[in-house]
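First comes the structure, then the notes that go with it.
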Amino acid sequence: AEITGGDETTVAALRAARPDLIVGRYLSAGDADPTHVERLVRAGAEVIHLFADEYGQSTRGFIADAIRDVHRHLVREGIRDEVTLVASGGIATAEHVPKAIVCGADLVAIDLAALVAFGCALWADRTHCSAEHGEFAVEWGAQRLVNLMAAWRDQLLECLGAMGMREVRRLRGEAGRAIFQPQEEEAFRALFPRRVAVPPETAPAEVAKEGDFRWTEELLAATWTQAATGRPPVRGEFRVGHSGGGFDVLRFAFEDGDDGTPEGSVSPETVDLSLQLNRRGDSPQITIPVPFYGGGMSFGSVSLQTMLARAVAAKTIGTFTSTGEGGYPDELASYAEWIITQVATGLFGVREETIQRARFVEFKYAQGAKPGLGGHLLGGKTTEVVATMREAVAWTSLFSPFPFHSVYSVEDHKKHVDWIRSVNPRAIVSVKVSTPTDVDMVAVGIYYAGAHVVHLDGGYGGTGAAPEIAKKNIAMPIEYAIPKVHQFLVNEGIRDELTLMASGGIRTPYDIAKAIALGADGVVIGMADLVAIGCTRLADCEKGRGCPFGITTTDPELSKLIDPQWAAGRIANMYRAWSEQLRELLARLGLPSIRALRGRTDLLVYLTRDDGAAA
């Protein structure tokens, strides 16, 4: 029996009259004073159902905050396990379920999502809604609810698996596993001495035909142009997107109208963009001429032609590109000096001879777009050739485990690093991790394990192969993670012994410079390489035969659409255009090298709207 009114005396009276009932109290989150809830529980309420409006809001704010306040108070009073805490209002998608539970709820109640499952459009049917009036077959509606809940259950299992949890009850109140955006955003804004209010943006005149808020039509076009010419664009917006956050709300001072020209100007031609990859003082010593290299794209996730194009471009510029976790195709062997070979949890295609072939080996513990889940390659792309390389069964979906089942501590991780350095003493060792809330501690562990490079991969990565529940919901945005790790390493006195690389949403040379100003040494490029050769962000990477442009496909006919030499020329051109822009930017800042930019958040301006929100 769920009581919709009354106080603790009402609860006690019902408990006395009907001891056979489970007694619950239906309570607005706006009225959910923790001490009031405590009295209800002590009076015998076995269920407290906190509700908010359809947006998750109440007179006391967001329902998640009410849940946390009530949960923590009941824990302090020692009575949390005497009551079941239910939350509803604003529970619109599967991702909201674990978020409510991590704030302290035991479960959620579904309301508007059920109506949407029946066909309610909410905004379009204010006068009469057939879904709300039950104008459908009961069996049909029941099956749609079953389907919806089954899909939500599977996504909840994905989240629990990413956190290594076997039961949902362990998630309750584990706020330390959550990243709370307001707190992270507040700490992020505090990094910048200048915050500038800008007018509210108006809606675009027409709907974009390509791209998204991060990769706008203009950014796609600008990248394509740079890949064609090898020069910076002369028109259009080529520096930022339209996401309203991240790198898009940061500017360098001279971009904001401040001339920014310091005394003793620097010539762009003299600016040094080189990046030292090993700072420990041991061998090998490798320096690349630009502060970026190509990230992992595995054979199977992309075509062999795409891999070859990236390898040829890396050789042309003098930087690196990564094989990803799908193994090391023999066709890349002649470019070994510019190839990073990756060792991931599935160990697909990992062989002693391919490790010995590489100058640069990367362990992939996690990917920013799907941390804790391992790699995904669906059966439609696991052709006979791909399966042979991965030593798997053709046309079978391949899911890498998480974690390495041989690594459960820093000591275990050190054994991994020692293994690579024993097999190939001339190799640089990098460790790629995602960006959990304690990523700073993870980075310190990587240092003490003996690695040369820490590679942070944020949640904006462009993969088309991650489950929707994982994208943008698990990892910390890269702009939050970089300064957190940088400053922690500084405080530990080991910052100059590690090379810190960042990835997950790097689209332009201005993004590169901003990442370095936040504290990185360099960045890792992924999606931009693909945009340079024709990607328009369709996100069809894992569907059927893969990309219709031949980029992220294993279909032998579609793969022919990419000529490796043509594509290599375009990627190299983009790198040249980026390098020119980086030199000009550093010259404007009066900095003689890219190294002088590291950690210079004082050179950045944070843009806000008049209401204080990020621009």
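Below is a table of values for the structure above.
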read-out: Among (1) of a type outside the set (Asp, Glu); (2) part of a helix (DSSP H, G or I); (3) surrounded by 15 or more Cβ atoms within 10 Å (Cβ to Cβ); (4) modelled with pLDDT under 95 - the single one residue 388 does not satisfy; value: (3)
read-out: Every residue from segment 429-458 that is polar (S, T, N, Q) and within 17 Å of the chain's Cα centre (by Cα); value: 434, 435, 437
read-out: Among residues of segment 1-48, those that are at pLDDT below 95, within 39 Å of the chain's Cα centre (by Cα) and open to solvent by 60 Å² or more (accessible area, probe 1.4 Å), counted; value: 1
read-out: Of residues in segment 281-298 being open to solvent by 30 Å² or more (accessible area, probe 1.4 Å) and out of contact with any Ser or Thr (no Cβ under 7 Å at 6 or more places or on another chain), the one nearest to residue 315 (Cα to Cα); value: 285
read-out: Residue count, segment 212-249 (criterion: among the small types (Gly, Ala, Ser), in a loop (DSSP other than H, G, I, E, B) and under 23 Å from residue 186 (Cα atoms)); value: 4
read-out: Pair list, Cβ < 7 Å and 6+ apart or interchain, from segment 39-53 residues that are among the β-branched types (Val, Ile, Thr) to residues that are open to solvent by 60 Å² or more (accessible area, probe 1.4 Å) and modelled with pLDDT of 95 or more; value: 41/82; 47/22
read-out: Filtered residue count, segment 430-475, keeping only those that are in contact with an Asp or Glu (Cβ under 7 Å, 6 or more places away or on another chain) and more than 24 Å from residue 361 (Cα to Cα); value: 5
read-out: Those residues of segment 96-147 which are in a helix (DSSP H, G or I) and either of a type in the set (S, T, N, Q) or open to solvent by 60 Å² or more (accessible area, probe 1.4 Å) (or both), in sequence order; value: 99, 116, 138, 139, 140, 143, 144, 146, 147
read-out: Residue in segment 476-495 that is among the acidic types (Asp, Glu) and either open to solvent by less than 10 Å² (accessible area, probe 1.4 Å) or touching a Pro at 6+ places or on another chain (Cβ under 7 Å) (or both) present; value: yes
read-out: Some residue of segment 446-456 being of a type in the set (Gly, Ala, Ser), under 24 Å from residue 181 (Cα atoms) and open to solvent by less than 10 Å² (accessible area, probe 1.4 Å); value: no
read-out: Test set (1) without any contact (Cβ under 8 Å) to a residue 40 or more places away in the chain; (2) touching a strand residue (DSSP E or B) at 6+ places or on another chain (Cβ under 8 Å) - residue 89 fails condition number; value: (1)
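The values are calculated or read from the model by the stated rules, or taken from the named source; none is laboratory data. Treat the numbers as computed from the prediction; the structure is a model and nothing was measured. Using ideal geometry, Cβ is built from the backbone for each residue, glycine included, and neighbour counts are taken over all protein chains shown. All accessible areas refer to the heavy atoms of the entire protein, side chains included, with ligands and DNA or RNA removed. Shrake-Rupley method; radii C 1.70, N 1.55, O 1.52, S 1.80 Å.
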